[in-house]
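So the structure is just underneath, and the comments pick up after that.
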Amino acid sequence: MAFLELTDVDKSYGDHQVLNGITLQVEKHQVVCLIGASGCGKSTLLRTINGLEEIQGGEISLDGDVISGEGVDLNAIRTRIGIVFQSFNLFPHMTALENITLAPRRVLGVSKAEADDYAMKLLTRVGLADKANAYPDKLSGGQQQRVAIVRAVAMNPDVILLDEITSALDPELVAEVLNIVKDLAAEGLTIVMATHEMSFAREVADTIAFLHEGRVLESGPPDQIFTAPREERTREFLHRIVEAGRL
């Protein structure tokens, strides 16, 4: 069994089926990038993994524990699976440091001194130690997104989910955020990432999963997906990406 495993996962909103029999395996320390057109189910898939969306069928497991369905402890799951969204979702009335230390103190019971110390180490790693006492409205979009990533990492999760984390950023800010992800991947953090940054996905991912109409149409190593995709729909998608100059 894979470290993180989705088996025949279904998700619908009323009559609209968003995920249709999704099966995906993620090994520990792997980076899996979800690609596909807008509306294919990438974001919904990530939200089902940490219980933000209930599934109607199938099963999700983490390190052998079932984490979907009735009776699961969602709060416990969310201490093991961090998520970062395209909108930064920082608390506007809290400083960067306070945003990062809130969950470790409230949820994990870490002391203020220990939480502050760890948060400062993380902020230093992402080049934001001097912004520890700044409020979100005094930070650029790229800085806010780096704080959001640090906030997720501060919980020491087993898996981190990244949902189009660069799509709300100006182009010149994208690289500074992706460099943080690259560093986390190099350190062995297990990452599942929905992204439109194809060159980044090709460079960093262990596995690429191409989603189409709520299904994983095909998955494999980046070289195979980007140079020799098996499915016609994958070839069409990548052709459009190349034409747009994004690969």
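Counting only strands (runs of 3 or more DSSP E) wholly contained in the stretch 167-247, no element carries 2 or more residues that are at positive phi. Take the residues in the stretch 89-104 that are polar (S, T, N, Q) and either in contact with a Pro (Cβ under 8 Å, 6 or more places away or on another chain) or surrounded by fewer than 21 Cβ atoms within 10 Å (Cβ to Cβ) (or both), then tell me which one is farthest from Ala132 (Cα to Cα). Once the filter is applied, the top-ranked residue is Asn89. Taking the numbered list (1) within 21 Å of Lys11 (Cα to Cα); (2) of a type in the set (D, E, K, R); (3) not in a strand (DSSP E or B) in turn, Glu114 passes all entries but (1). Screening Gly109 on (1) of a type outside the set (Val, Ile, Thr); (2) under 16 Å from the mean Cα position of the chain (by Cα); (3) over 30 Å from Leu217 (Cα atoms) shows it passes everything except condition (2).
Scanning the stretch 1-20 for residues that are charged (D, E, K, R) and crowded, with 17+ Cβ neighbours inside 10 Å yields Glu5, Lys11. Residues that are of a type outside the set (Val, Ile, Thr) and surrounded by fewer than 15 Cβ atoms within 10 Å (Cβ to Cβ) do not occur anywhere in the stretch 41-50.
Each row is one residue, and each column tells you yes or no for (1) more than 18 Å from Thr207 (Cβ to Cβ); (2) touching a Phe, Trp or Tyr at 6+ places or on another chain (Cβ under 7 Å).
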residue	(1), (2)
Phe3	no, no
Thr7	no, no
Gly14	yes, no
Glu27	no, yes
Val31	no, no
Ile60	no, no
Val66	yes, no
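Contact map, the stretch 136-164: residues that are touching a residue at least 24 places away in the same chain (Cβ under 8 Å) and farther than 21 Å from Leu34 by Cα paired with residues that are surrounded by fewer than 23 Cβ atoms within 10 Å (Cβ to Cβ) and β-branched (Val, Ile, Thr), Cβ distance under 7 Å, separation 6+ or inter-chain. Pairs shown: Val150/Val126; Met155/Thr79.
We did not get these values from a lab; they are worked out from the coordinates using the rules stated. Just so it is clear, the structure is predicted and the values come from calculations on it, not from any experiment. Backbone-built Cβ (ideal geometry, glycine too); neighbour counts: all protein chains shown.
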